[in-house]
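Here the structure comes first, spelled out in structure tokens, and everything after it is commentary.
The values are calculated or read from the model by the stated rules, or taken from the named source; none is laboratory data. As the structure is a computational prediction, the values presented were derived from the model and not from experiment. Every residue, glycine as well, gets a Cβ built from its backbone with ideal geometry; the counts of neighbours run over all protein chains shown.
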Amino acid sequence: MLIAIADRIIVRPDSADESKILLPDSENIHTNKGEVLSVGPLVTSIKIGDHIVFHPFDELVLPEKNLVAVREKSVLAIYKD
């Protein structure tokens, strides 16, 4: 398991939905929303288990399958039930 450091957040992106345009040769297609799996010690407004929307150009694809890292300042919204 990856553990986030500093102001980083580890996210499992949701699968792409039918409303997105998908390229046929893209293997790891995901959206800019997902579930938070790990938060760094400097993160103040996000917690594990939150569902977030993050800026799509600030993500870093991680070697773990289908995970990305984003900075807290790249989070645009949190889904609330």
Cβ pairs under 7 Å, 6+ apart, first in the range 61-78 and on the phi > 0 side of the Ramachandran plot, second part of a loop (DSSP other than H, G, I, E, B): 66/28
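Looking only at the range 54-72, count every residue that is among the β-branched types (Val, Ile, Thr) and either assigned to a loop (DSSP other than H, G, I, E, B) or surrounded by 15 or more Cβ atoms within 10 Å (Cβ to Cβ) (or both) and tell me the total. If you could, list the steps in order and put the result at the bottom.
First, the residues of the range 54-72 that are among the β-branched types (Val, Ile, Thr): 61, 68, 70.
Now narrow it down to the ones that are either assigned to a loop (DSSP other than H, G, I, E, B) or surrounded by 15 or more Cβ atoms within 10 Å (Cβ to Cβ) (or both): 68, 70.
Final tally of qualifying residues: 2.
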Subset tally (residues that are under 11 Å from residue 78 (Cβ atoms) and among the hydrophobic types (A, V, I, L, M, F, W, C)) for the range 35-56: 5
Residue in the range 1-33 that is farthest from residue 78 (Cα to Cα), counting only those that are surrounded by 19 or more Cβ atoms within 10 Å (Cβ to Cβ) and modelled with pLDDT under 95: 30
Check on residue 36, under 20 Å from residue 80 (Cα atoms), crowded, with 17+ Cβ neighbours inside 10 Å, modelled with pLDDT of 95 or more and over 10 Å from the mean Cα position of the chain (by Cα): no
Qualifying residue in the range 44-52 (condition: within 10 Å of residue 13 (Cα to Cα), at pLDDT 95 or above and outside any loop (DSSP other than H, G, I, E, B)): yes
